[in-house]
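Heads up: the structure comes next, in structure tokens.
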Amino acid sequence: MNALRRQRALADYTIAALSRRKVKNLALVAVFSLVVFLLASAMFFASALRQEADAALEGAPDLIVQQLSLGRQAMISADLIDDLASIRGVRDVRGRLWGYYYDRVSGANYTVMVPEAGQMPPPGQVIIGEGIARARGLEWQGAPLFLSRKQGDLNRFDVAQTFESDSALLTADLLLMNAADFRAFFSVPEDMFTDLAASVRNPRERATVVDKASRAMPDARFVTRDDIARTYMKLFDWREGMMVALAAVAMLAFAIFAADKASGLSAEEAREIGILKAIGWDTRDVIAMKLWEGGFVSLGAFLLGTTAAYAHVFWAGAPLFAPVLKGWAVIYPAFRLAPGVDLSELVVLLLLTTLPYAAATVVPVWRAASADPDAVMR
Amino acid sequence: MIFRTPILTLLLVSFLALLVALGAAWFGQRLVRHWDLASGSRAQLEMERRTELVSTLFAMVMLAEAVALFLFVFNADRMAALFVGAMCAVGTLNVNGYGFPALYAKIAVFFAAAVWLIVDHVDRLGRDYPLTRVKYALILGIAPLVILAGGLELAYYLNLRTDVITSCCSKLFTPANEGIGNEMAGLAPGLSLWALALAELVVLGLGAYAVRTGRGHALFALAGAVFFAVALTAMVSVISLYVYENPNHHCPFCILQREYFYIGYAFYVPLFGATALALGLGATAPFQRRASLEAVLPPVARRFTLWAMAGFATYGAVTLLVIARSHLILFG
């Protein structure tokens, strides 16, 4: 318990000493917390995007089958639905109709889909995402949506419903159409689909099902939900890693700055260490005191930086990083990220920021602490 | 190579540890050869002064290494989604041949670091550098381990390829294959539970003896090491079955996942902490009679022993809790 009391006394002294040099220490904390803020923002934002992608994929089909022709995706024949459904373990095989529509008026691409039976709009009507409504200025109730495929062509659709913005990440550029309208609008023959979707009841059977199906349909490409999830995870990991590597340069610069600050002791500080040693502190006590000092500075900067990053990412929507991490498009959804930070991220952040700082300051601290009292006071 | 923040962090920790270990080892070999407390020479004074720096730095990176071990496993578990066939840390570590060796090396570094930190702590209690020579001799042993662990880790991360199909834990920990994991999985559940209970009794008994008499710490350390091995065996052979409520799933890593409420950490943190303390106590036991330590070491040793006993007891308690709450009935 003696050791604990000693540490408490040291911490006590350190706080008093820190507050005596308020301006210098606050400046240090401010710069440090800026670095923490950069790193933490990048990490929080990427992890929120990963979560969002995971949540979005929950509803994705287990297995998607695409027809390949000349190495590119082509329309798939409805005959294959039965082939796929005949494989044991495969359920709910359905043909999907979807495509992209380039809107010359707004210069944006819309995703046009035929929804499943429950959500199907009646013929002549569409359901649109809030991004489309925004891009086309459909502010008033009942405003029709005119779509033109080529010069002199105009198709009128009534807007049955506009998606709420809480699902904006998925629906901002979405345009849901009736199946008959879709085939007519895009001239899709009756027995063709964009791709097929199926569910596989047992997740461990997916690989086997893909194996069997690819023998039955050698021209098709099979995409499982895990493939998509893996790709998203890799993509976001990579983007986060890039941001962190960039921020690490800032961390390095800060470590150099901190080492410089710690080695250039002011006359007053040198005198303080001299007096402490003269009244009986030994080198270990001074080092311990200085480590406490570093600890308080790191902790303050860590808390400040992390809190600011949290506010930046989850309340303000990460205005500084969004263009890099999200990507870019004409219609971009305005969405709020679901707040969520896990312990491992904080541990990573703590290691990533305080360890270089501590490593950079130990040598100057030791140099100051081990000097002779009369040498530093003179 | 996968560009992931935890990986970058782990590599940073390993790199700093490597630098510090090399520096400390260079200083250590000089110290071991020339250390002479009686001498008042300039070189000796310089060395005494420099030990403060080296010890502080080394203690810092050893602490970071201890945190890094848990981060390493946690990250491996998280990355399982990236590899076809992986469902937990086992699959990720199996992606290439460096994964498991890196884990074992990191565990070795963790225990070595813990022993060193305890020796360092005890050394600082005495005013005449009682264990300094021992401390630096230890660094000479630890430095190659740190280099090895860092190298294996780097090789592992550089060779991570996501198009490799890896095998999952249910393949590795089955009695049907050959290898140590399967030997552990094949052990009769009843036998390993009895062995765990016996080891628990022995380690707590020896701990109580050490607390009461202030002796027998070396024996306690040995018992702690045995308990560690028995506990891991029991984990693979029987405790995991109760956690998963499945008589065939033996994986010691899946219990770290969210589905099982991260219960694995309640097992491993006390177990690793207690074993580290016990080993450290064993390492300092021969020096209890040193003049400068005679007065200050016993209370510290007592405290550490009590903490270690608490850790070992926690492992047993969590085991009982898991068995009591599980719906699996293995016996009767």
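The values are calculated or read from the model by the stated rules, or taken from the named source; none is laboratory data. None of these values were measured; they are calculated from a predicted model. As a convention, Cβ positions derive from the backbone with ideal geometry for all residues, glycine included, and neighbour counts pool all protein chains shown. The accessibility values were calculated without ligands, DNA or RNA, using every heavy atom of the protein model including side chains. Shrake-Rupley method; radii C 1.70, N 1.55, O 1.52, S 1.80 Å.
Any chance you could count how many residues in the stretch A:262-276 are assigned to a helix (DSSP H, G or I) and either over 20 Å from A:Ala358 (Cα atoms) or hydrophobic (A, V, I, L, M, F, W, C) (or both)?
10
I'd like the full set of residues that are within 47 Å of the chain's Cα centre (by Cα), open to solvent by less than 60 Å² (accessible area, probe 1.4 Å) and basic (Lys, Arg), limited to the stretch A:249-284.
If the condition is that a residue be within 47 Å of the chain's Cα centre (by Cα), open to solvent by less than 60 Å² (accessible area, probe 1.4 Å) and basic (Lys, Arg), then A:Arg284 is the only one that fits.
If the requirement is being open to solvent by 60 Å² or more (accessible area, probe 1.4 Å) and at pLDDT 90 or above, which of these qualifies: A:Ala184, A:Ala207, A:Ala216, A:Ala179? Full working, then the answer.
Numbers: A:Ala207 fails: at pLDDT 90 or above; A:Ala216 fails: at pLDDT 90 or above; A:Ala179 fails: open to solvent by 60 Å² or more (accessible area, probe 1.4 Å).
Answer to the check: A:Ala184.
Go through (1) assigned to a helix (DSSP H, G or I); (2) open to solvent by 10 Å² or more (accessible area, probe 1.4 Å) and name the single condition B:Leu31 misses.
Evaluating B:Leu31 over (1) assigned to a helix (DSSP H, G or I); (2) open to solvent by 10 Å² or more (accessible area, probe 1.4 Å) leaves (2) as the failure.
Would the stretch B:286-302 turn up any residue that is polar (S, T, N, Q), assigned to a loop (DSSP other than H, G, I, E, B) and either under 18 Å from B:Ala66 (Cβ atoms) or touching a helix residue (DSSP H, G or I) at 6+ places or on another chain (Cβ under 6 Å) (or both)?
Checking the stretch B:286-302: at least one residue is polar (S, T, N, Q), assigned to a loop (DSSP other than H, G, I, E, B) and either under 18 Å from B:Ala66 (Cβ atoms) or touching a helix residue (DSSP H, G or I) at 6+ places or on another chain (Cβ under 6 Å) (or both).
Please go through the stretch B:65-85 and pick out each residue that is within 13 Å of B:Ala112 (Cα to Cα) and at pLDDT 90 or above. Steps first, please.
The initial filter retains those residues of the stretch B:65-85 that are within 13 Å of B:Ala112 (Cα to Cα), namely B:65-66, B:69.
Selection gives B:Glu65, B:Leu69.
Output the residue which, of all residues in the stretch A:212-232 that are part of a helix (DSSP H, G or I) and more than 13 Å from chain B (Cβ to nearest Cβ), is farthest from B:Ile165 (Cα to Cα).
First pass over the stretch A:212-232, keeping only residues part of a helix (DSSP H, G or I): A:212-216, A:225-232.
From what's left, more than 13 Å from chain B (Cβ to nearest Cβ): A:212-216.
Values: A:Lys212: 18, A:Ala213: 20, A:Ser214: 18, A:Arg215: 20, A:Ala216: 23 Å.
Going through the qualifying residues, I end up with A:Ala216.
Being in contact (Cβ under 8 Å) with a residue 60 or more places away in the chain, closer than 30 Å to A:Val93 by Cα and either outside the structural domain of A:Pro356 (by TED's automatic domain parsing) or aromatic (Phe, Trp, Tyr) (or both) is true for just one of A:Phe302, A:Phe257, A:Phe222, A:Phe314. Which residue is that?
Selected residue: A:Phe222, the only one of A:Phe302, A:Phe257, A:Phe222, A:Phe314 that is in contact (Cβ under 8 Å) with a residue 60 or more places away in the chain, closer than 30 Å to A:Val93 by Cα and either outside the structural domain of A:Pro356 (by TED's automatic domain parsing) or aromatic (Phe, Trp, Tyr) (or both).
Within the stretch A:233-273, take every residue that is within 9 Å of another protein chain (Cβ to nearest Cβ) and of a type in the set (Asp, Glu) and give me the one that is farthest from A:Ile287 (Cα to Cα).
Among those that are within 9 Å of another protein chain (Cβ to nearest Cβ) and of a type in the set (Asp, Glu), it is A:Asp237.
Answer yes if at least one residue in the stretch A:277-284 is more than 13 Å from chain B (Cβ to nearest Cβ), in contact with a helix residue (DSSP H, G or I) (Cβ under 9 Å, 6 or more places away or on another chain) and in a helix (DSSP H, G or I), and no otherwise.
Checked the stretch A:277-284: at least one residue is more than 13 Å from chain B (Cβ to nearest Cβ), in contact with a helix residue (DSSP H, G or I) (Cβ under 9 Å, 6 or more places away or on another chain) and in a helix (DSSP H, G or I).
Kindly provide the set of residues from the stretch A:104-142 that are open to solvent by less than 60 Å² (accessible area, probe 1.4 Å), over 19 Å from A:Phe185 (Cβ atoms) and assigned to a loop (DSSP other than H, G, I, E, B), ordered by number.
Within the stretch A:104-142, A:Gly107, A:Gly137, A:Gly142 meet the criteria.
B:Asn246 fails exactly one of the following numbered conditions: (1) farther than 24 Å from B:Asn75 by Cα; (2) outside any loop (DSSP other than H, G, I, E, B); (3) out of contact with any helix residue (DSSP H, G or I) (no Cβ under 6 Å at 6 or more places or on another chain). What is the number of that condition?
(2)
So A:Ala198 fits all but one of (1) part of a helix (DSSP H, G or I); (2) more than 14 Å from chain B (Cβ to nearest Cβ); (3) farther than 30 Å from A:Ala40 by Cβ; (4) small (Gly, Ala, Ser); what number is the exception?
(1)
Hey, any hits in the stretch B:14-33 for a residue that's touching a Ser or Thr at 6+ places or on another chain (Cβ under 9 Å), within 12 Å of chain A (Cβ to nearest Cβ) and β-branched (Val, Ile, Thr)?
no
Can you confirm whether A:Leu299 is in contact with an Asp or Glu (Cβ under 9 Å, 6 or more places away or on another chain) and either open to solvent by less than 20 Å² (accessible area, probe 1.4 Å) or away from every other protein chain (no Cβ under 14 Å) (or both)?
Numbers: in contact with an Asp or Glu (Cβ under 9 Å, 6 or more places away or on another chain): no; either open to solvent by less than 20 Å² (accessible area, probe 1.4 Å) or away from every other protein chain (no Cβ under 14 Å) (or both): yes.
No.
One residue is enough: does the stretch B:75-87 have a residue meeting the conditions assigned to a loop (DSSP other than H, G, I, E, B) and away from chain A (no Cβ under 13 Å)?
Looking through the stretch B:75-87, none of the residues is assigned to a loop (DSSP other than H, G, I, E, B) and away from chain A (no Cβ under 13 Å).
Here is a yes/no grid of residues against (1) under 30 Å from A:Thr208 (Cβ atoms); (2) touching a helix residue (DSSP H, G or I) at 6+ places or on another chain (Cβ under 8 Å); (3) open to solvent by 60 Å² or more (accessible area, probe 1.4 Å):
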| position | (1), (2), (3) |
| --- | --- |
| B:Phe27 | no, yes, no |
| B:Ala38 | no, no, yes |
| B:Thr56 | no, yes, no |
| B:Met60 | no, yes, no |
| B:Leu63 | no, yes, yes |
| B:Asp77 | yes, yes, no |
| B:Ala80 | yes, yes, no |
| B:Ala89 | yes, yes, no |
| B:Leu93 | yes, yes, no |
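May I ask you to list the residues in the stretch A:342-371 that are under 21 Å from A:Phe44 (Cα atoms) and at the interface with another protein chain (Cβ under 7 Å from one of its Cβ atoms)?
If the condition is that a residue be under 21 Å from A:Phe44 (Cα atoms) and at the interface with another protein chain (Cβ under 7 Å from one of its Cβ atoms), then A:Ser344, A:Val347, A:Val348, A:Leu351, A:Leu352, A:Leu355 are the ones that fit.
State whether one or more residues within the stretch A:52-69 are in contact (Cβ under 8 Å) with a residue 40 or more places away in the chain, of a type in the set (S, T, N, Q), surrounded by 16 or more Cβ atoms within 10 Å (Cβ to Cβ) and closer than 30 Å to A:Pro339 by Cβ.
No - not one qualifying residue is present in the stretch A:52-69.
Do we have B:Glu153 as free of Cβ contacts under 8 Å to residues at least 24 places away in the same chain and not hydrophobic (A, V, I, L, M, F, W, C) here?
For B:Glu153, the condition - free of Cβ contacts under 8 Å to residues at least 24 places away in the same chain and not hydrophobic (A, V, I, L, M, F, W, C) - is not met.
Based on this model, can you work out whether A:Leu28 counts as within 23 Å of the chain's Cα centre (by Cα), open to solvent by 10 Å² or more (accessible area, probe 1.4 Å) and not acidic (Asp, Glu)?
Judged against the criteria, A:Leu28 is not a match.
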